[in-house]
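Here's the structure, in structure tokens; my notes come after.
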Amino acid sequence: MNIGPYSIEDYMHLVKSFHGNIAPGLIIGGFMVDLAMKELPNDILFDAISETQTCLPDAIQLLTPCTIGNGWVKVMDFGRYALCLFDKYQGDGVRVFLDPEKLENWPEIKTWFFKLKPKKEQDPIILRDRIIDAGPDILTVQHVTVDKAFLGKKGKGAIGTCPSCGEAYPIKDGTVCLACQGGSPYKRKLPNEKLGTKTTFKVIQ
Ligand code: ZN
């Protein structure tokens, strides 16, 4: 059994070097991408959607030409363990999800997925072995059409300088950039404050 062009062992090495550890979700994700690719027609250009930001985007990036950075993977964080590969022009695609019904035959995987026991009471080696034994057996495939609104790349359009922060941003976002509209996660430290010091905040966007 292979995952994409890789033996299971080679895939796990890749996962370790890219993701930092051999997460169970990434092994399952490998089978998910592999199954979706087998169901897609050959020779089409496809984009991908991951319905969670956990693990699956990395499986897609390891096994397909789609990356977050090239814009061919979109994370729609519904929190569902599902992904879809689809024809980037027509929208016809294959959605694969981890199917709770099918986990009934795989108690160790079910325990892990539904967090039925604390992690330290689960055996990671047995879990990994069961995931590999199960392969695509715990997955369900749906043939879908992706809504036209989600097809194609949307360009940034014209770029301007934000009058609030002085940085470049797409003008279509508004009169100031999205960070200055309140989306920024930062409070800025004053110039004489170092990292690690307690910050007396003056909010500067
Ligand atoms: Zn700004």
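For region 2-150, the share of accessible area belonging to carbon and sulfur comes to 53 percent (1.4 Å probe, ligands and nucleic acids excluded).
Please give the charge dipole size of region 95-155, origin at the Cα centre, charges +1 on K and R Cβ atoms and -1 on D and E Cβ atoms. Round to the nearest 20 debye.
Details: 12 positive and 10 negative charges, 104 e Å.
Dipole about the Cα centre, nearest 20: 500 debye.
The amide H of VAL75, built 1.01 Å from its N in the peptide plane, has SER50 as neighbours under 5 Å, considering only residues 5 or more places off or on other chains. Once backbone amide H atoms are built at 1.01 Å from N, VAL146 has ASP92, GLY93 as its partners under 5 Å, excluding neighbours fewer than 5 places away on the same chain.
In Å², and per residue, what accessible area does the chain have when probed at 1.4 Å with the other protein chains present?
61 Å²
Over the chain, consider all pairs of different Cα atoms and compute the Kirkwood hydrodynamic radius from their mean reciprocal separation; express it in Å, one decimal. Before the final figure, lay out the partial values.
Values: mean 1/r = 0.0508 Å⁻¹.
Over the chain, the inverse of the mean reciprocal pair distance is 19.7 Å.
Helix content alone sets the calculated 222 nm mean residue ellipticity of the chain: runs of n ≥ 4 DSSP H residues at -39500 (n - 2.57) each, divided across all residues, give -8000 deg cm²/dmol.
Summary value for region 96-205: 17 percent relative contact order, contacts being C-alpha pairs under 8 angstrom separated by 6+ residues. Report, in whole Å, the centroid distance computed from the Cα atoms of region 52-124 and region 131-175. The distance from the Cα centre of region 52-124 to that of region 131-175 comes to 17 Å. Each Lys and Arg adds +1 at its Cβ and each Asp and Glu adds -1 at its Cβ; summed about the Cα centre, the chain shows a dipole of about 1360 debye. For the peptides 145-156, 169-180, residues were scored by their other Cβ atoms within 10 Å and the scores averaged per peptide; the highest-first order is 169-180, 145-156.
For LYS115, the lysines whose Cα falls under 20 Å of its own Cα, not counting residues fewer than eight places away in the same chain, are LYS102.
Axis of helix 24-39 versus longest Cα principal axis of the chain: the two differ by about 80°, to the nearest ten degrees. Taking each of LYS88/LYS154; LYS16/LYS88; LYS74/LYS148; LYS38/LYS88 in turn, the alpha-carbon distance tops 19 angstrom for LYS16/LYS88.
Tell me which aspartates and glutamates have Cα within less than 19 Å of LYS187's Cα, excluding those fewer than 8 residues away on the same chain? Within the straight-line limit of under 19 Å, LYS187 reaches these aspartates and glutamates: GLU167. Angle of helix 124-134 to the longest C-alpha principal axis of the chain, folded into 0 to 90 degrees and rounded to 10: 70°.
The values are calculated or read from the model by the stated rules, or taken from the named source; none is laboratory data. Bear in mind the structure is a predicted one, so any value in this text is a computation, not a measurement. Every residue, glycine as well, gets a Cβ built from its backbone with ideal geometry; the counts of neighbours run over all protein chains shown. Each accessible area value is taken on the protein alone, full model and side chains, heavy atoms only, with ligands, DNA and RNA left out. Shrake-Rupley method; radii C 1.70, N 1.55, O 1.52, S 1.80 Å.
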